[in-house]
Amino acid sequence: MKIAIVGGGSRCLFFINILATYRFSSEVQPQIVAVADINPDAPGVKHLVERGVYYTDDYSEFLTREDLDVVLDLTGDEEIFTYLCKERNLLTTVLNDETGLIFFEGYRPRECAGSRQLNFKRTKQLCDLFFTELVNEEVFVIDTSFTIIDVNNLPLQKYGLERKDVIGKHCYEVTHRVKEPCSSKAHPCPMVEIQKSRQPYRCTHIHYDKEGHRILHSISAYPIFEANKIVGIVELARDITWETSLQKSFGDQEKLSAIGRLAAGVAHELNNPLTTVLTSTMLIQEDMDPKHPDYEELDLVKNETLRCRNIVNNLLNFARQSKPIKQDADLNEIVQSSMALIRKQADFKNIVMKCDTCPEKLMVYCDRDQIQQCLINLGLNAIDATAPGGRITFSTALADDEKMARISVADTGEGLPLNIQDSIFEPFFTTKETGTGLGLSITHGFVKQHKGFIGLESTQGHGATFTIRLPLKREETHA
């Protein structure tokens, strides 16, 4: 197990001593491979550097390393810990000092007099503390027969179950809703792999929540040893659906940047001739009798030229990479003002617009104009997709993690087929006959610039819901 430590003070020396004193099985022997601290003379740093351990003053370096199993934050700074948890490699575990103690304690093999069986009482005490610390992870303790020994509260809420419904059940029954252990290449079984290698194992699995939604999880599984025999595993599952959805929909950053530069060049080259065509057409019409047989044809030329110019403007908006000008803003007010700007289009189609905002102010640090443009784009798309007599609902709420605000735009239209949902944020992809395919790309780019997320939930025939999550202003973020 390779460990990087953030913070080289006295806590670092304490953990160095702990890892040197504890006896671990040879298969999972912890090894400190890097340390970060702004002070190169910190006692822990000096001690590790003398042993040849890599040192850096920038702990963000650890976020890009793929060879780390654990990043141990010993700074005691909640902002640093939150940043590490948020930006970490999907397969790297981040622990603070208290959780680290429990974590490594759970790794120690124990000698049981006259017995090689798991000391359930001791494990239960450790796991209770362990689960309390890692409230943002789904944690399972599973024995070698795939039976769940213990579980924290997060998966109970997600799967809509009570503790008595989970303890004693097989793990694959609860998370995958199948009757046999996982065995496919897409879902390798952590228990089987750990029993083969006697090493921690990492993979990704698709689980299903209480409503049947697919949720992608990053699984980190660690063996539990008793007398050098594997008697179970501790499995940590983290929901990475948002992150992978964002990466997949946005695609290759360099490719999009190249497309943006190309779009900007094409748009600038086309703008001048389009303006000339439009102006000449209108001048000719001014000198022509409206009853002239060519007048209607010139109208067609004018309207199509205006449509082309609108496409060019969208290209320019897509290509523009200006940084957002952020300030604290009330998200509820942005939603209400955005709805006011598109209400007439909804009224024209006899569509009911509903606003369901959070009763409390949701202050976000954002570029108000960009977020408003995002909501207008989503609102206009919803109007296009909704039949007369339908309903569109804008809603805001505090996200479950209490670190982000959530804005949803839901319609009662036909929804989107599953086979195109992964493509909707791609530039120039559209399902409309006259669409440019840039509205959602621009929206996606604006949200990403705000370090937020945008996602879609839709079942064909049952409407669609686009959800944006944006970070709260710093002072309202809960640790």
Report the full-extension gain for the segment VAL352 to THR241: residue separation times 0.36 nm, less the Cα-Cα distance, to one decimal in nm. 36.8 nm
Roughly speaking, what is the stretch gain from ASP77 to TYR208, that is 0.36 nm per residue apart minus the C-alpha to C-alpha distance, in nm to one decimal? 43.7 nm
Which whole-number value in Å² is the accessible area per residue of the range 151-216, probe 1.4 Å? 59 Å²
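Pull up the DSSP beta bridges for the range 329-461 and report the antiparallel fraction as a percent, rounded to 5. It would help to have the intermediate numbers written out before the result.
On the way: 9 of 14 bridges.
Taking every DSSP beta bridge with both residues in the range 329-461, the antiparallel ones total about 65 percent.
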THR276-HIS47 pseudo-label distance in nm [points 7 Å out on the Cα-to-Cβ vector]: 7.7 nm
Output wanted: per-residue J couplings in Hz (rounded whole) for the range 391-399, from phi through Karplus 6.51 cos²θ - 1.76 cosθ + 1.60, θ = phi - 60°, x for Gly and Pro. 9, 10, 10, 9, 9, 10, 6, 7, 5
Using the reciprocal of the averaged 1/r over all distinct C-alpha pairs, how large is the Kirkwood radius of the range 332-409 in Å? 13.0 Å
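Figure the gain on full extension for SER60 and PHE14 (residue separation times 0.36 nm, minus the Cα-Cα span) and round it to one decimal in nm. It would help to have the intermediate numbers written out before the result.
Values: separation 46, 0.36 × 46 = 16.56 nm, distance 2.30 nm.
Contour length minus Cα-Cα distance gives 14.3 nm.
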Tabulate in residue order the Karplus-calculated ³J(HN,Hα) for the range 292-306, using 6.51 cos²θ - 1.76 cosθ + 1.60 with θ = phi - 60°, rounded to whole Hz; enter x for Gly and Pro. 4, x, 8, 4, 5, 5, 5, 4, 4, 4, 4, 5, 5, 5, 4
Roughly to the nearest percent, how much of the accessible area of the range 350-479 is carbon and sulfur, given a 1.4 Å probe? 46 percent
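Which loop-located GluC sites (Glu not before Pro) does the range 180-239 contain, where loop means any DSSP state but H, G, I, E or B and the Cβ has at most 15 other Cβ atoms within 10 Å? Spell out each step's value before the answer.
Values: sites: GLU193, GLU211, GLU226, GLU235; in loops: GLU211.
Here the GluC sites (Glu not before Pro) that fit, given the DSSP loop and packing criteria, are GLU211.
The values are calculated or read from the model by the stated rules, or taken from the named source; none is laboratory data. Please read these numbers as outputs of a predicted model, since none were measured by experiment. Cβ atoms come from the backbone with ideal geometry, glycine included; neighbour counts cover every protein chain shown. Protein only, heavy atoms only, side chains kept; ligands, DNA and RNA dropped before computing areas. Shrake-Rupley method; radii C 1.70, N 1.55, O 1.52, S 1.80 Å.
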